Amino acid sequence: MAQDKQVRGAAAGARLTGVGSALPQRAFSNEELAAEFRLDTSDEWIRTRTGIRQRHIVSGGESAVSLAHLAAQRALEHAGRTADDVDAVIVATSTPDQVFPSVAVRVQAALGMERGFGFDVSAACSGFVYALTVADSMIRSGQVRRAMVIGVEVFSRLLDWEDRSTCVLFGDGAGAVLLEAGAGEGEGILSTHLHADGRLGDLLYVDGAVGCASGKVALKMHGREVFRHAVVNLAAAVDEALETNGLKGTDIQWLVPHQANLRIIDGMAKKLALPSDRVVVTVDRHANTSAASIPLALDEAVRDGRIRQGDLVLMEALGGGLTWGSALVRM
């Protein structure tokens, strides 16, 4: 598929100074999920096709806003900053609690921010890479100095619990990063690369809208076709990031991919000639948390000491739209 390249990264931009995440309290193993929702499936069926062992699902008073707020608080604490230091909140989500106000402004209020602005970005599973690009662009332009970028999803709201081909794949959660101006040459966000092809929108979509009057919302996916496009387009986005920065796959120290399917993740690792211990994998415990999956995985790997300052990290994702993209970051 012919496509024009979108290359950014010529000027000094944003550096990543804090990470945070939040998961719902309740986790469901494959067996527990099958029993809870009376699904005709098994742990073996799910694991062998996806790599998923469990996922977290909201309960009680948990919501997109509460998860995003907690992830943002933890990112601020990790960075040694307060809400007063933040100029913008940008949230990637397909599952807001309300049509409006946005999750971002609800988080802004919950954090106690009395200035700045916030808005949501909708690009399905690619949303975090899209939101990261927007925040980096604003920092490069001088409009903001610090931006909180959050990916949050409550995908359990969108699932048809009678469709085992989709409902077993997803989970709920949130991840956040704090971006700050001042990255030197070769530091911070080196480049980002975004793409979309709306002609493929019917391969993965939600029929209805959260909060719509009918209350009928259901995710629909043509899994084989999405898988095929993911393999091709993610490979192209990875090549684009490497070519733009004059790098080879072996120069990458960590791959932090969208956590949709273990087979896709393994395929990207092989393309980069990365050993499995250089790939951050959380799909087994989180399932597919859509826009939250990359920052959730990044937070885990930073906090457990795998990813360290100075490491070169490649992120990539593909989601409904179809949308896809990559980001190369020097931590």
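Tell me which residues, restricted to the range 181-197, are of a type in the set (S, T, N, Q) and more than 16 Å from the chain's Cα centre (by Cα). Even if it seems obvious, please write down each step before you answer.
First, pick out the residues of the range 181-197 that are of a type in the set (S, T, N, Q): 191-192.
S191 - this is the single residue of the range 181-197 that is of a type in the set (S, T, N, Q) and more than 16 Å from the chain's Cα centre (by Cα).
Restricting attention to the range 182-193, and to residues there that are touching a Lys or Arg at 6+ places or on another chain (Cβ under 9 Å) and surrounded by fewer than 19 Cβ atoms within 10 Å (Cβ to Cβ), which single residue is farthest from E77 (Cα to Cα)? Spell out the reasoning first.
Going residue by residue through the range 182-193, those that are touching a Lys or Arg at 6+ places or on another chain (Cβ under 9 Å) are 182-184, 186-193.
Narrowing the set further to residues that are surrounded by fewer than 19 Cβ atoms within 10 Å (Cβ to Cβ) leaves 182, 184, 186-187.
On the way: G182: 19, G184: 23, G186: 26, E187: 22 Å.
Looking at the filtered set, the residue picked out is G186.
Within the set of pairs 6 or more residues apart or between chains, which connect a residue that is over 19 Å from Y130 (Cα atoms) inside the range 295-314 to a residue that is in a helix (DSSP H, G or I) and of a type in the set (A, V, I, L, M, F, W, C) with Cβ atoms less than 6 Å apart?
Close Cβ pairs satisfying both conditions: I307/A301.
Residue by residue, here is whether (1) under 11 Å from A176 (Cα atoms); (2) surrounded by 20 or more Cβ atoms within 10 Å (Cβ to Cβ); (3) assigned by the TED database to the domain that holds A22 holds:
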position: R53; (1), (2), (3): no, no, yes
position: I57; (1), (2), (3): no, yes, yes
position: A64; (1), (2), (3): no, yes, yes
position: A72; (1), (2), (3): yes, yes, yes
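Given (1) open to solvent by 10 Å² or more (accessible area, probe 1.4 Å); (2) at pLDDT below 95, identify the lone condition not met by L272.
It fails just one condition, (1).
Considering V58, V65, which residue is under 12 Å from E153 (Cα atoms), part of a loop (DSSP other than H, G, I, E, B) and not basic (K, R)?
Exactly one of V58, V65 is under 12 Å from E153 (Cα atoms), part of a loop (DSSP other than H, G, I, E, B) and not basic (K, R), namely V58.
Name the residues in the range 266-292 that are in contact with a helix residue (DSSP H, G or I) (Cβ under 7 Å, 6 or more places away or on another chain) and part of a helix (DSSP H, G or I), would you?
Those that are in contact with a helix residue (DSSP H, G or I) (Cβ under 7 Å, 6 or more places away or on another chain) and part of a helix (DSSP H, G or I): G267, M268, A269, K271, S276, V283, H286, S290, A291.
Within the range 187-197, can one find any residue that is under 26 Å from S102 (Cβ atoms), modelled with pLDDT under 95 and in a loop (DSSP other than H, G, I, E, B)?
no
Looking at the range 79-103 only, could you name the residues that are farther than 18 Å from D172 by Cβ, open to solvent by less than 10 Å² (accessible area, probe 1.4 Å) and either assigned by the TED database to the domain that holds G321 or assigned to a loop (DSSP other than H, G, I, E, B) (or both)?
V86, the sole residue that qualifies.
Checking the conditions here, which among R106, R115 is of a type outside the set (A, V, I, L, M) and in a helix (DSSP H, G or I)?
Numbers: R115 fails: in a helix (DSSP H, G or I).
R106 is the lone residue from the list that is of a type outside the set (A, V, I, L, M) and in a helix (DSSP H, G or I).
With L178, L204, L255, L262 as the choices, which residue is under 28 Å from I57 (Cα atoms), in the same structural domain as L70 (by the TED database) and either surrounded by fewer than 20 Cβ atoms within 10 Å (Cβ to Cβ) or within 18 Å of the chain's Cα centre (by Cα) (or both)? Can you show your working first?
On the way: L204 fails: in the same structural domain as L70 (by the TED database); L255 fails: in the same structural domain as L70 (by the TED database); L262 fails: in the same structural domain as L70 (by the TED database).
Answer to the check: L178.
Among the listed residues L314, L296, L234, which satisfies the condition of being outside any helix (DSSP H, G or I), open to solvent by less than 30 Å² (accessible area, probe 1.4 Å) and within 27 Å of T95 (Cβ to Cβ)? It would help to see each step written out before you state the result.
Details: L296 fails: outside any helix (DSSP H, G or I); L234 fails: outside any helix (DSSP H, G or I).
Just one listed residue meets the conditions, L314.
In the range 23-32, is there at least one residue being within 30 Å of G184 (Cβ to Cβ) and of a type in the set (G, A, S)? Break it down stepwise before answering.
Here is the first cut: in the range 23-32, the ones within 30 Å of G184 (Cβ to Cβ) are none.
No; the residues of the range 23-32 include none that is within 30 Å of G184 (Cβ to Cβ) and of a type in the set (G, A, S).
Give the residue, chosen from V144, V154, that is under 13 Å from V65 (Cα atoms), hydrophobic (A, V, I, L, M, F, W, C) and open to solvent by less than 30 Å² (accessible area, probe 1.4 Å). Working first, answer last.
Working: V144 fails: under 13 Å from V65 (Cα atoms).
Every option except V154 fails the conditions.
Within the range 20-51, take every residue that is among the small types (G, A, S) and under 25 Å from S165 (Cβ atoms) and give me the one that is surrounded by the fewest Cβ atoms within 10 Å (Cβ to Cβ). Break it down into steps so the answer makes sense when it comes.
Quick first cut of the range 20-51, residues among the small types (G, A, S) only: 20-22, 27, 29, 34-35, 42, 51.
Filter once more, keeping what is under 25 Å from S165 (Cβ atoms): 27, 29, 34-35, 42, 51.
On the way: A27: 16, S29: 14, A34: 19, A35: 11, S42: 13, G51: 19.
For the range 20-51, the residue satisfying everything is A35.
The values are calculated or read from the model by the stated rules, or taken from the named source; none is laboratory data. Every value quoted in this text rests on a predicted model; they were computed, and no experiment measured them. Neighbour counts are summed over all protein chains in view; Cβ atoms, including those assigned to glycine, are modelled from backbone coordinates with ideal geometry. Heads up: the accessible areas ignore ligands, DNA and RNA and are worked out on the full protein's heavy atoms, side chains in. Shrake-Rupley method; radii C 1.70, N 1.55, O 1.52, S 1.80 Å.
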